[in-house]
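Below you'll find the structure, written out as structure tokens, and then a few comments.
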Amino acid sequence: MAIINQATKELQVKIVYYGPAMGGKTTNLVQVHDQVQTQTGNKGKLVSLATSSDRTLFFDFLPIEAMTIRGFKTKFQLYTVPGQVIYNTTRQLVLRGVDGIVFVADSQYEKMPENAESFQNLMDNLASLKLNIAEIPYVLQYNKRDLSNAAPVEYMEYLLNNYEVQVPSFNATAHKCEGVFESLNMITRLLLQKFINQNVSQHA
């Protein structure tokens, strides 16, 4: 749920990167943190909450050209969830208050069952928080497109984007920063559009 901070005139939105273990969620966050342009002090540290074999990362930032809605600048909070199934409770905690999701799928053929399982897990965890994926803006990122065993995009679309309303999807090679900002920019656009629409309907 987007938070409005009257004191700092900021609208905070929370974006969660979700997907199977080792799919590229962490790489996305590291690339964004390294390259996003902010004024001094407007980018939080990249914090890692490490478990024995997986981790949750998060940071927040206020872009230099932050979009202003009704006088409020938009601050973004980016989170990853642990990929491994044993950390499902952590995933549920991270999803609390989520505004938008980037689902990072691993393009390798042998990872397709894990992609499907992780996407189902996302829907289950949202349901446990009384949230519906249909009501939350999300985009799909097909990562590791540079690998020789990458499945065709059409197959991944059939597996993960085969719904009545299809969502934007992006090919990515996150370690080269390809597709990283395209995915982030699109989820940002969808979130701001949703917020503007809600504001308009509230003031209609």
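The values are calculated or read from the model by the stated rules, or taken from the named source; none is laboratory data. The shown structure was predicted, so the numbers you read here are calculated from the model rather than taken from an experiment. Note that we place each Cβ from the backbone using ideal geometry, even for glycine, and neighbour counts take in every protein chain shown.
Identify all residues within region 158-182 that are in a helix (DSSP H, G or I) and touching a Ser or Thr at 6+ places or on another chain (Cβ under 9 Å); write none if there are none.
Selection gives LEU160, ALA174, HIS175, VAL180.
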Open item on the list: Any residue at all in region 59-66 that's out of contact with any Ser or Thr (no Cβ under 9 Å at 6 or more places or on another chain), at pLDDT 75 or above and of a type outside the set (Ser, Thr, Tyr)?
Closed with: no
Open item on the list: It is to be established whether one or more residues within region 175-186 are touching a residue at least 12 places away in the same chain (Cβ under 8 Å) and under 20 Å from GLN84 (Cα atoms).
Closed with: no
Open item on the list: If ALA105 meets every condition in (1) of a type in the set (A, V, I, L, M); (2) in a helix (DSSP H, G or I); (3) buried (at least 20 other Cβ atoms within 10 Å of the Cβ) apart from one, which number is that one?
Closed with: (2)
TODO: Taking only region 157-199 into account, find how many residues are farther than 16 Å from ILE101 by Cα and among the hydroxyl-bearing types (Ser, Thr, Tyr).
DONE: 3
Task: Count - residues of region 161-178 that are in contact with a Gly (Cβ under 6 Å, 6 or more places away or on another chain) and of a type in the set (Gly, Ala, Ser) - done: 2
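Given the options ASN121, ASN171, ASN185, name the one that is more than 22 Å from VAL36 (Cα to Cα) and of a type outside the set (D, E, K, R). Working first, answer last.
Details: ASN171 fails: more than 22 Å from VAL36 (Cα to Cα); ASN185 fails: more than 22 Å from VAL36 (Cα to Cα).
Going through ASN121, ASN171, ASN185 in turn, just one is more than 22 Å from VAL36 (Cα to Cα) and of a type outside the set (D, E, K, R): ASN121.
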Open item on the list: Any residue in region 96-121 that is in contact (Cβ under 8 Å) with a residue 12 or more places away in the chain and within 17 Å of THR26 (Cα to Cα) sitting within a Cβ distance under 6 Å of a residue that is surrounded by fewer than 22 Cβ atoms within 10 Å (Cβ to Cβ) and of a type in the set (Lys, Arg)? List the pairs, counting only those 6 or more apart or interchain.
Closed with: SER107/ARG145
TODO: State whether one or more residues within region 170-180 are surrounded by fewer than 18 Cβ atoms within 10 Å (Cβ to Cβ), at positive phi and not hydroxyl-bearing (Ser, Thr, Tyr).
DONE: yes
